[in-house]
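Working notes, structure below.
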Amino acid sequence: MSSGIMDSDVTILDVLRKQGLQTVTQLSDVLSVTGTAVRQRLTRLLAEGYIERTAVRPERGRPYHQYALTTKGRRRSGQNFADLAIALWDEIRAIEDPDVCQGLMQRVSRRLAEMYTDQVQGEDMSQRLNALTDLFADRRLPIRVDLSGELP
């Protein structure tokens with residue numbers, strides 16, 4: 001994440017992107033958290049410039065605030081690539097030509113190795129696999145290393 005923004009904040013950005021203007025009460029209901037928790041998250045997002053607040057003064061009843069994404073917030077909330085990754089993976093698995101599929105998987109593997117090589121350190125394979133496990137855990141991608149078998 002960028003400085004000042006937490007995973008729980010990204011959830012609010014996603015709700016605002018999908019549902020538009022929201023009040024604290026609406027966000028509290030959608031997220032199943034207290035109004036205080038929502039306000040804390042909104043304060044962080046306002047300070048970072050991801051959302052804006054508009055005062056609404058109805059003819060009857062108390063005034064309230066509605067929250068919406070700013071341009072910066074729309075850009076940030078659009079960085080959830082999980083759906084895209086799933087769709088791409090499904091399409092890769094559907095490739096019938098084994099040579100095409102293998103070539104594509106090798107290119108993807110090389111690209112990922114280039115991205116992570118500096119972050120995966122260790123003196124032996126076991127240490128490097130543990131470092132890779134930690135790296136993916138930080139990205140909320142749980143993996144497990146099984147050292148009991150032989151390599152393929």
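Quick notes on this structure:
- Residue, farthest from Gln19 (Cα to Cα), within region 51-95, restricted to residues that are touching a residue at least 40 places away in the same chain (Cβ under 8 Å) and part of a loop (DSSP other than H, G, I, E, B): Asn80
- Residues that are more than 25 Å from Phe81 (Cβ to Cβ) and outside any helix (DSSP H, G or I), drawn from region 104-144: Gln121, Gly122, Glu123, Asp124
- Once region 44-79 is narrowed to residues that are of a type in the set (S, T, N, Q) and farther than 13 Å from Val10 by Cα, the residue that is farthest from the chain's Cα centre (by Cα) is Thr54.
- Residue match in region 108-115 (condition: closer than 23 Å to Gly149 by Cβ and more than 25 Å from the chain's Cα centre (by Cα)): no
- Just one of (1) of a type in the set (A, V, I, L, M, F, W, C); (2) exposed (fewer than 12 other Cβ atoms within 10 Å of the Cβ); (3) within 30 Å of Met6 (Cβ to Cβ) fails for Val120. It is (2).
- For beta carbons closer than 9 Å, sequence separation of 6+ or different chains, a first residue in region 1-12 that is more than 11 Å from Arg41 (Cβ to Cβ) and a second that is modelled with pLDDT under 80, the qualifying pairs are Met1/Asp7.
- Boolean, Arg53 is surrounded by fewer than 17 Cβ atoms within 10 Å (Cβ to Cβ) and over 30 Å from Ala137 (Cα atoms): yes
- Filtering region 97-121 to residues that are β-branched (Val, Ile, Thr) and touching a helix residue (DSSP H, G or I) at 6+ places or on another chain (Cβ under 6 Å) leaves only Val120.
- Residue pairs meeting the criteria (Cβ under 9 Å; at least 6 apart or on separate chains; first assigned to a loop (DSSP other than H, G, I, E, B), in region 30-45; second surrounded by 15 or more Cβ atoms within 10 Å (Cβ to Cβ) and not hydroxyl-bearing (Ser, Thr, Tyr)): Val33/Leu27; Val33/Arg41
- Residue in region 87-99 that is surrounded by 10 or more Cβ atoms within 10 Å (Cβ to Cβ), of a type in the set (A, V, I, L, M) and touching a Cys at 6+ places or on another chain (Cβ under 9 Å) present: yes
- Matching residues, region 56-84, being more than 26 Å from Arg139 (Cβ to Cβ) and aliphatic (A, V, I, L, M): Val56, Ala68
- Hey, Thr71 exposed (fewer than 14 other Cβ atoms within 10 Å of the Cβ) and at pLDDT 95 or above or not: no
The values are calculated or read from the model by the stated rules, or taken from the named source; none is laboratory data. In this text, all values refer to a predicted model and were calculated from it rather than measured experimentally. Heads up, the Cβs are rebuilt from the backbone with ideal geometry, glycines too, and the neighbour counts pull from every protein chain shown.
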